[in-house]
Amino acid sequence: MATAMVLAWGAALALPLAAAEIVVGQVAPLSGVLASTGAQMVLGGKIYFDWVNAQGGIHGATVRQEVLDDAYQVADTVKLTRALLARPEVVALYGFAGTANITQLLADGVLEQGGAALVAPYTGGESLRSPFNPWIFHVRAGYADEAEHMVQQLTTLGMARVAVMYQDDGFGKAGLAGVQAALAKRNLSLVVAAGYERNTDQVDEAVKAIQGADVQAVIMIAVNKPAAAFIRRYREWGGGAQLYNISVADPAEIVKIAGLKNAHGLGISQVVPYPYRPQLPAVREYHALLKQYAPGAEVSYTSFEQFLGAKVLVEALRRAGPAPSRAKVVKALESLQNYDLGGIALGYSPTNRVGSRFVEVTVIGSNGRLMK
């Protein structure tokens, strides 16, 4: 009898044990020029993870979103990601920001060495999509898709003289290349491209270069503070071109810094559906959880995008089973083919990591809010 009990105990020990806690690592810019965006990124995931935990978790395990601040600094992103992946309990990465930051993770082999999926990074850099790499699962369309959509819109409106104001790094150059390619398809070329230094809002030289070029439209590949600084100075110095910005801009912060008079009419490309009207089931769910778990927070594209990313990750964790490993999570993500997030379809496969190519352009209205 005693021998049988020992054998049964040994067999139980040999079985994989469900984790009491599933740790998801997030490195986000909670300070520096992208701090307001970083806060929204974290919030979008938090409200969904909180709801999942309130329902009993995933196979009985709670999800812990462990967030570290990289201040949008590339070296800090690499250091903090290495630290997260050195811990075996971290089964996946989620919601990082910055094309240059994540490109460095690939260049240094950090994701490959760690063997963990990075889900829903807040970047559309083409270098993270092509050539194919197996570790990054994109929820958003790429900057080339956004550039094509903006160029299509402005050329349809008869605008052919186009400038680009861009951040002088991997992010800005990816967007710049996208605009150049979209113009070339239409036998057009840029009138002027003017850069600014990463992690600053020193844009006066870019304003001068574009101001003197007599353009009809300016596409900005810029984050909040430098984009807002450009808009304010360009308008105050008499610039009259139609202004566009790529999707990473937070319209509320743009209006706050640039002033409504200057920001009114700014076109911003978007890579997820309009989150302000709860028409889609996913948007209704987002509104309900935002009200429940962050009642003082406002609706935003950024938090909604990361909310969708959290839904993707949770479904993969569920499919990975009661003892998820990094490899099991990667395989589970690959199985999400034409997956419905609530009126929003997304899909991956063993040879595809770009879940969606949805793009539309919104405009800052006279009340400071985005309109479709």
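The values are calculated or read from the model by the stated rules, or taken from the named source; none is laboratory data. Since the model is a prediction, treat every value here as computed from it, not as a measurement. Cβ placement follows ideal geometry from the backbone for every residue including glycine, while neighbour counts extend to all protein chains displayed. Heavy atoms of the whole protein, side chains included, go into the accessibility calculation; ligands, DNA and RNA do not. Shrake-Rupley method; radii C 1.70, N 1.55, O 1.52, S 1.80 Å.
Annotations for the structure displayed:
- When the chain is treated as a GNM with alpha-carbon contacts under 10 Å, the residue of 103, 77, 123 showing the greatest mean-square fluctuation is 103.
- Helix axis angle, 2-14 relative to the chain longest principal axis, alpha carbon, degrees: 10
- Take every pair of alpha-carbon atoms less than 8 Å apart whose residues are at least six positions apart; their mean separation over the length of the chain yields a relative contact order of 19 percent.
- Seen from a random direction on average, the alpha-carbon convex hull of the stretch 191-312 projects onto 8.7 square nanometres.
- Applying the Kirkwood pairwise sum to the alpha-carbon positions of the stretch 79-186 produces a hydrodynamic radius of 15.1 angstrom.
- Percent carbon-and-sulfur accessible area, the chain, ignoring ligands, DNA and RNA, probe 1.4 Å: 55
- GNM remark for the chain: springs join alpha carbons under 10 Å apart, and the peak mean-square fluctuation among 359, 52, 283 falls on 52.
- Across the cross-link table entries 291/372; 46/372; 311/372; 79/311; 208/372; 185/331, which are compared at the Cα atoms, the separations over 29 Å belong to 208/372; 185/331.
- Taking only the C-alpha atoms of the stretch 280-327, Rg followed by Dmax gives 13.1, 38 Å.
- Projected onto their three principal axes, the Cα atoms of the stretch 251-317 cover extents of 44, 25, 22 Å, largest first.
- Kirkwood Rh in Å, taken over the chain so that all alpha-carbon pairs contribute: 21.4
- The stretch 254-372 shape via C-alpha gyration tensor axes, a/c threshold 1.5: prolate
- Rg/Rh for the stretch 104-257 stands at 1.00; both radii use Cα atoms, and Rh follows the Kirkwood definition.
- Ligands, DNA and RNA aside, residue 287 has an accessible area near 50 Å² when probed at 1.4 Å.
- Of 127, 269, 356, 366, the order by accessible heavy-atom surface (1.4 Å probe, DNA, RNA and ligands excluded), from most exposed downward, is 366, 127, 356, 269.
- Residue-averaged [θ]222 nm for the chain, counting only DSSP H segments that reach four residues, each worth -39500 (n - 2.57): -13500 deg cm²/dmol
- A 1.4 Å probe run over the protein chains yields, for the chain, 40 Å² of accessible area per residue, whole-number rounding.
- Antiparallel %, DSSP beta bridges [both residues in the chain], to 5: 25
- The long axis of helix 143-156 is offset from the longest Cα principal axis of the chain by roughly 30 degrees.
- The H on the amide N of residue 71, modeled in the peptide plane, is under 5 Å from the matching H of 30, 31, each at least 5 residues off or on a different chain.
- Cβ-Cβ FRET estimate between residue 130 and residue 204, R0 fixed at 30 Å, reported to 0.05: 0.30
- Residue-level accessible surface for residue 129, protein heavy atoms, 1.4 Å, Å²: 30
- Mean projected area in nm² (Cα convex hull; one quarter of hull surface) for the stretch 140-210: 5.0
- Mean shadow area of the stretch 100-163 over all directions, Cα convex hull, nm²: 5.2
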